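Remarks on the structure that follows.
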Ligand SMILES: Cc1cc2nc3c(=O)[nH]c(=O)nc-3n(C[C@H](O)[C@H](O)[C@H](O)COP(=O)(O)OP(=O)(O)OC[C@H]3O[C@@H](n4cnc5c(N)ncnc54)[C@H](O)[C@@H]3O)c2cc1C
């Protein structure tokens, strides 16, 4: 009989717990070490809580087109975007304490569900802080002050990242906040300053504005969402401004200080922005300290993340890494895939190296921005290799009926083969609409194949097939 492989995983987020489930089901003996809660930052403080908060914000945003749809909007809503009069009942705003209670309850319930699935699969969960030793063991500082030692044939590091803190704007958890601390707020911040206009900053700025805060977004770059599709960023920024958000572009924050119940953000050019709260969303740092990486021979990238190859191997034999700590793509789906791939590889199963050209991702603003594959951000759109077509959503019959005007479907195809290689969707629920394009990219469908698929009439997905038809026509015109 084959000896059972002993696997120790440090970190219980999607990179760690998905790997644990896979490895255990494949017959390995698995220990999962987690210092806080199973589900990781993804479930407890980042992805799940933010999307739950945004679910409430989405309902509030949906009132925007109420007047156009013939719904009486009460004066409370007109004066303050946090309320609307609907069918005799009046929405006057949100109870943030209740919203946050729901957020936290949902996150902890999901953590419990994951812990149950792990236990059912036979995974041993150990609560404590883990680190590597030179002889491929894992030492764990347990809550009772003792140290436990686990021997491993294979180790997976999935320790995630934490918010980057700036000494001149240290979070106090009350008015100067990280994205992990906002769920302790009992009342809606009347005037919220969000520093950082990347995905996290944009999502929170949009959400709090919809919930009723007056929001100022401080962006060091020319536009919001630097690094994303420029047309998508332009749509989002114009929607933000139309809804009354103050967007300060090319404005780098130098400090944030408290003055009683006010906060003052000083910009590098000396301007000052005042508000009641500030949310710092200025990136993240990998959790690599105290892990014993150097002693174990695990190398880091220039940015300080753990260096891995496409099957999640680090530079040290038998030690794998997955998720945000590798800095590959900071997404829960990618973390989970890297973790699974690591286990398949370690346990001698058939394995496909990770392919980042097929990853779909979404920015949960209103409208949402979803992207897959190669776009004009990661592949030069006017290079001879690609064609693109952008179809605005305001020509879509369903969008007209629903009162949506902002957004588009954009498709990219490879010249010669005419296969779909990428897409961007800016629309309500773009996270769902991107899936057919992801399938097209994954299955190497041609523009004509996508163009000839039936779509429901009327539907937003009709714009995907229509964009493919126009892309086909454009390509023919060029020939
Ligand atoms: C605000 C926000 C919203 C996001 N929304 C989305 C989204 O909508 N969709 C999406 O795909 N991604 C989203 N992400 C990204 C997503 O949260 C991460 O990609 C995901 O959490 C990465 O999973 P992970 O397993 O690498 O790490 P994590 O989820 O961070 O888990 C790492 C775990 O390791 C533990 N740990 C660290 N060091 C040790 C140690 N020494 N010993 C024991 N345990 C340790 C930590 O306690 C933590 O629980 C969001 C991120 C943020 C910040």
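All of the numbers you see were taken from the coordinates with simple rules; none came from a lab. Just so it is clear, the structure is predicted and the values come from calculations on it, not from any experiment. Heads up, the Cβs are rebuilt from the backbone with ideal geometry, glycines too, and the neighbour counts pull from every protein chain shown.
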Subject >> Residues residue 415 and residue 36, FRET efficiency given R0 of 35 Å [Cβ-Cβ distance, rounded to 0.05] >> reply: 0.10
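Based on the Cβ-Cβ distance from residue 95 to residue 257, what FRET efficiency comes out when R0 is 35 Å, to the nearest 0.05? Provide the component values of the computation, followed by the final result.
Working: r = 30 Å, r/R0 = 0.85.
Efficiency, rounded to the nearest 0.05: 0.75.
Based solely on its DSSP helices, what 222 nm [θ] is calculated for the chain when runs of n ≥ 4 H residues each add -39,500 (n - 2.57) and the sum is averaged over all residues, nearest 500 deg cm²/dmol?
Only helices count here, giving -9500 deg cm²/dmol.
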**OP:** Can you tell me what the convex hull of the Cα atoms of the range 374-458 projects to on average, as an area in nm²?
**Re:** 5.7 nm²
**OP:** Any chance you could run the full-extension gain for residue 269 through residue 62? It's 0.36 nm times the residue separation minus the Cα-Cα distance, nm to one decimal.
**Re:** 70.8 nm
Original post:
residue 449 versus residue 295, label points 7 Å from Cα toward the beta carbon: distance in nm?
Top reply: 5.2 nm
Original post:
Distance from the Cα centre of the range 210-278 to that of the range 107-132, in angstrom?
Top reply: 38 Å
Original post:
In terms of the Cα gyration tensor, with a ≥ b ≥ c the square roots of its eigenvalues, is the range 314-375 rounded because a/c is under 1.5, prolate because a/b exceeds b/c, or oblate?
Top reply: prolate
**OP:** Answer rounded, prolate or oblate for the range 82-202, using the Cα gyration tensor with square roots of eigenvalues a ≥ b ≥ c: rounded when a/c is under 1.5, else prolate when a/b is larger than b/c, else oblate.
**Re:** prolate
Original post:
So between residue 315 and residue 473, what do we pick up on full extension, going 0.36 nm a residue minus the alpha carbon distance?
Top reply: 52.0 nm
**OP:** Compute the distribution of all C-alpha to C-alpha distances in the range 268-414, in bins of 5 Å from 0, and list the percent of pairs in each, rounded to whole numbers.
**Re:** 2, 7, 12, 13, 13, 12, 13, 11, 8, 5, 2, 1, 0
Original post:
Quick one: if you stick a label point 7 Å off each Cα along the C-beta vector at residue 357 and residue 147, how many nm between them?
Top reply: 4.8 nm
Original post:
Counting DSSP beta bridges in the chain, what percent are antiparallel, to the nearest 5?
Top reply: 65 percent
Original post:
Which distance in nm do the two modelled labels at residue 222 and residue 127 give, with both placed 7 Å along the Cα-to-Cβ direction?
Top reply: 5.1 nm
Original post:
Can you give me the Cα centroid spacing of the range 12-78 and the range 300-336 in angstrom?
Top reply: 23 Å
Subject >> Gyration tensor (alpha-carbon) shape descriptor, the chain, a/c threshold 1.5 >> reply: oblate
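Please give the contour-minus-distance gain from residue 116 to residue 71: 0.36 nm per residue of separation, less the Cα-Cα distance, rounded to one decimal in nm. Could the numbers behind the result be given before it?
On the way: separation 45, 0.36 × 45 = 16.20 nm, distance 4.53 nm.
Residue separation times 0.36 nm, minus the Cα-Cα distance, leaves 11.7 nm.
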